[in-house]
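A.B. asks: First the structure, which I've put down as structure tokens, then a few questions once you've had a look.
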Amino acid sequence: MTITRQARTLSCVIPGLNEAENLPALMPVLVAQLRSLVQDFEIIFVDDGSTDATPLVVEHLRQTYPQLVYIQLSRNFGKEAALTAGLQASRGQIVVCMDADLQHPPALIADMMQRWACGVDMVYAVRETRDDETWMKRAGTSIFYKLMRTSSGLRVPRNAGDFRLLDRCVVDALLVLPERSRFMKGLFAWVGFPSEPIYYSPADRLHGTSRFRPGKLLGFAVDGLTAFTTWPLRLLCLMGAVLAMLSFGYGLFIIFKHLLYGDAVRGWATLITVVLFFAGVNMLSLGIVGEYVARIFAEVKNRPLYLVRRRQGQGLSAPPTDEAS
């Protein structure tokens, strides 16, 4: 491959929650890696409402690593909001998003930068296997990506996470989007730009456990589906039309049966079954429509996506010029 561009500044965005044990292990490895790749860099850690000793640990690390920028949010706003806060604070020519638990290997950044140097604006890491997950989670993940692919024109890469390298043009495009219900995997796919996957096997988590429990993962999937697809609403319309035709046909059957054989008082069990079935369909339909209405309600309130309690560290002084990009 022919190298067409070279990076001079880099921003590394790390959203985190209760990472007091992971950050001291991550920083030496990450700083050494970035020093070998670019002239100037910044590491932006966004504290999404940590309740452990994370602020004290970051304060200590900042004395050793002046490139570290600490953004503490006023409370827990969620990873999507924290990631957006880090992107808005970034000033590098390229931006790398990663987690703090070292499951995203810093050594992979060099390979990402090689792809970027050859003209790829977004390089995203894809897990080679999910054998370490339960069969239920793997099945749910497979169903989710299949449902996401039914939306018109949008293709969310399967097994791709937030570990990725972004060119400044991609970051600027993401920050232009005004929506507050932010499903970042969908937004990364929606903005487009030349993209390529890079495959890796995540290492074991150093400390702690995953905070994405089944209930939270289900809510995350609902956010993604309602933010980028409308097929649930169309499915309700189709279901309503099919049920209406079936009901009309059953009504004709009842009329002809009454004219031919009379109308004995029977069918209590059938009547109750039909009533309960349609009541369930109505409740399900209202629930799906309610999810979309809730998204509209959240958007029209126009509240800030997050609030910053404090910021420490200067980082890179200014974004790169067009010539540098």
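A.B. asks: Determine, for each peptide in 47-54, 119-126, 96-103, 170-177, the mean count of other beta carbons within 10 angstrom over its residues, then list the peptides with the highest first.
C.D. replies: Ranking, from highest mean packing down: 96-103, 119-126, 47-54, 170-177.
A.B. asks: List the trypsin sites (Lys or Arg not before Pro) within the stretch 67-124 that fall in a DSSP loop (any state other than H, G, I, E or B) and whose Cβ has at most 16 other Cβ atoms within 10 Å.
C.D. replies: Answer by residue number: R75.
A.B. asks: Multiply the residue gap between K301 and F193 by 0.36 nm, knock off their C-alpha separation, and tell me the result in nm, one decimal place.
C.D. replies: 35.8 nm
A.B. asks: Each residue of the stretch 183-193 in order: what ³J(HN,Hα) in whole Hz does its phi give by Karplus 6.51 cos²θ - 1.76 cosθ + 1.60, θ = phi - 60°, with x for Gly and Pro?
C.D. replies: In residue order, the calculated couplings are 9, 5, 4, x, 5, 4, 6, 5, 5, x, 6 Hz.
A.B. asks: Suppose the chain between T4 and A53 were pulled fully straight at 0.36 nm per residue; how much longer would it get relative to their current alpha carbon spacing?
C.D. replies: 13.3 nm
A.B. asks: Working out 0.36 nm times the residue gap between L246 and E21, then minus their Cα-Cα distance, what length gain in nm do you get to one decimal?
C.D. replies: 74.9 nm
A.B. asks: If you don't mind, there's one more thing I want to ask. Between V69 and residues 5 or more places away or on another chain, which pairs have amide H atoms under 5 Å apart, with H built 1.01 Å from N, and which residues are they?
C.D. replies: I43, I44, F45
A.B. asks: Now a separate question. What distance in nm separates the simple spin-label points at R35 and M239, each placed 7 Å from Cα in the Cβ direction?
C.D. replies: Label at R35, label at M239, 5.9 nm between them.
Quick note: the coordinates plus some simple rules give every number you see, no bench work behind them. On a predicted model such as this, the values are computed, not experimentally measured, just so you know. Quick reminder, even Gly has a Cβ in these numbers, built from the backbone with ideal geometry, and neighbours come from all protein chains shown.
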